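Here is the structure we will look at, set down as structure tokens.
The values are calculated or read from the model by the stated rules, or taken from the named source; none is laboratory data. None of the values given here were measured: they were computed from a predicted structure. Note: ideal-geometry Cβ built from the backbone for every residue, glycine included; neighbour counts use all protein chains shown.
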Amino acid sequence: MRKVKIGIIGAGGICTVHLPPLKERSEEVELVAAADVNPAAKALVDKYEIPQFFSDYRQLLPLVDAVLINVPTHLHARMAIDALKADKHVFLEKPMTRTLDEAKEVAAAAAQSKGRLQIGFVRRFDDEWEGFRQAILAGELGRPVTWRHVATSCGPQIRWFTEDLQGGGPFLDGAIHNYDFGMYTFGPVQWVFAHLRTINPQYTAFDTGTATVHFESGDELMVAWTWGLPPGSVGGGCFDFLGPRGTLLPRADLPADAIKAQFTIHHGKESRTVESPRRALEIGYKRQMNEFVDVALGKCQPRAGVREGMESMRVALAILQSGKTGNKVHLSEIR
Ligand SMILES: NC(=O)c1ccc[n+]([C@@H]2O[C@H](COP(=O)([O-])OP(=O)(O)OC[C@H]3O[C@@H](n4cnc5c(N)ncnc54)[C@H](O)[C@@H]3O)[C@@H](O)[C@H]2O)c1
């Protein structure tokens, strides 16, 4: 069987998660080359026995059938367009791009390409989040549902993540998983409203605030995050779903050696426990890469592609716009 030849563009943090599952499929995958502007990235490339290393990603394109793009977000568009124009299959980490115009250019290149585009929405492969979704869709909480996610931390300690024109901060980079999963569960977004600010004076992106995402279905997502704490700070959080029939609460107090993760659904005084695999996110990353290999082998379509990438960008950019203007932003305004 002919192997799919894969090239890696950007061999930083997230690549340590993507490479092991690719290596596990060595009968179908050949890791041919990697490109990174940082010579220190070669250590990871050597660890996974990738034979060629370039500083310029364009040198890698003629050698491969498919690429993973794992670089800072503001660099996604140029690389994705070049790869798609060369008819390569592309796994593009989320967010699709930094701006909507860039996302449109990537979408146009994908429409003309023989290559397929997959966006890194790993939560669609996470069985724990899928369990939440199934319970909601089965009507266990009633509708409308309010999903609340409060997360307090110092965020990733790499500067591009909190530069406004590069990573765009947590309301673009991090919470985009929630926007995508929210649409996957509840359907299209009608409007957003956000109060955002920057509490770490070194950052140019909004690093702190609260955003409400209102879906056409009437369901809502509330994201209250900060990445603005000093490094090493103790953070906190809250993650739950509530509706007219009850609540869904993930169990955070399980012992480290518990075999299964659990969440409970409460209806008044009644409650029911649902088990899901421990380390569901870790398994999700592996399943996501397996899907990309299958996409590159022509066996399936990506479950998160151009449409999902674009729609989640529109929500994220509406939230950043609302944070700047103080106004509610209807998704119909983000075109
Ligand atoms: N799905 C997830 O849960 C998840 C988690 C973390 C990061 N990400 C996404 O993955 C992407 C990368 O994030 P990361 O955490 O690996 O960042 P990182 O900063 O750790 O790694 C980025 C790598 O890209 C390299 N790079 C920069 N400019 C380059 C260029 N012009 N050509 C080639 N290489 C270049 C850097 O040297 C670095 O090695 C981002 O889009 C991020 O949002 C997704």
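Residue by residue, here is whether (1) in the same structural domain as residue 175 (by TED's automatic domain parsing); (2) in contact with a Gly (Cβ under 7 Å, 6 or more places away or on another chain); (3) at pLDDT 95 or above; (4) among the β-branched types (Val, Ile, Thr) holds:
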residue: 42; (1), (2), (3), (4): no, no, yes, no
residue: 50; (1), (2), (3), (4): no, no, yes, yes
residue: 53; (1), (2), (3), (4): no, no, yes, no
residue: 56; (1), (2), (3), (4): no, no, yes, no
residue: 69; (1), (2), (3), (4): no, yes, yes, yes
residue: 94; (1), (2), (3), (4): no, yes, yes, no
residue: 117; (1), (2), (3), (4): no, yes, yes, no
Would you say residue 274 is more than 23 Å from residue 123 (Cα to Cα), β-branched (Val, Ile, Thr) and surrounded by 17 or more Cβ atoms within 10 Å (Cβ to Cβ)?
no
Can you work out which of the residues in region 71-88 that are part of a helix (DSSP H, G or I) and surrounded by fewer than 23 Cβ atoms within 10 Å (Cβ to Cβ) is farthest from the ligand (Cβ to nearest atom)?
85
For region 160-167, state whether one or more residues are among the small types (Gly, Ala, Ser) and either within 16 Å of the ligand (Cβ to nearest atom) or out of contact with any helix residue (DSSP H, G or I) (no Cβ under 9 Å at 6 or more places or on another chain) (or both).
yes
Residues of region 37-70 being under 19 Å from residue 89 (Cα atoms) and near the ligand (Cβ under 10 Å from one of its atoms), in sequence order, are 56, 57, 58, 60, 68, 69, 70
If you take the residues in region 236-277 that are in a strand (DSSP E or B), within 25 Å of the chain's Cα centre (by Cα) and free of Cβ contacts under 8 Å to residues at least 40 places away in the same chain, which one is nearest to residue 186 (Cα to Cα)?
249
Selection count where residues are farther than 18 Å from residue 326 by Cα, among the polar types (S, T, N, Q) and surrounded by fewer than 21 Cβ atoms within 10 Å (Cβ to Cβ), scope region 150-197:
4
Is one or more of the residues making up region 199-219 within 24 Å of residue 122 (Cβ to Cβ), modelled with pLDDT of 95 or more and charged (D, E, K, R)?
yes
Looking only at residues in region 23-36 that are surrounded by 12 or more Cβ atoms within 10 Å (Cβ to Cβ) and outside any strand (DSSP E or B), which one is farthest from the ligand (Cβ to nearest atom)?
28
Give the residue that is nearest to residue 188 (Cα to Cα), with candidates limited to residues of region 283-323 that are free of Cβ contacts under 8 Å to residues at least 24 places away in the same chain and assigned to a helix (DSSP H, G or I).
307
Of all residues in region 9-22, count the ones that are farther than 11 Å from residue 44 by Cα, of a type in the set (A, V, I, L, M) and more than 8 Å from the ligand (Cβ to nearest atom).
1
Conditions (1) within 20 Å of the chain's Cα centre (by Cα); (2) of a type in the set (Val, Ile, Thr); (3) modelled with pLDDT under 95: number failed by residue 315:
(3)
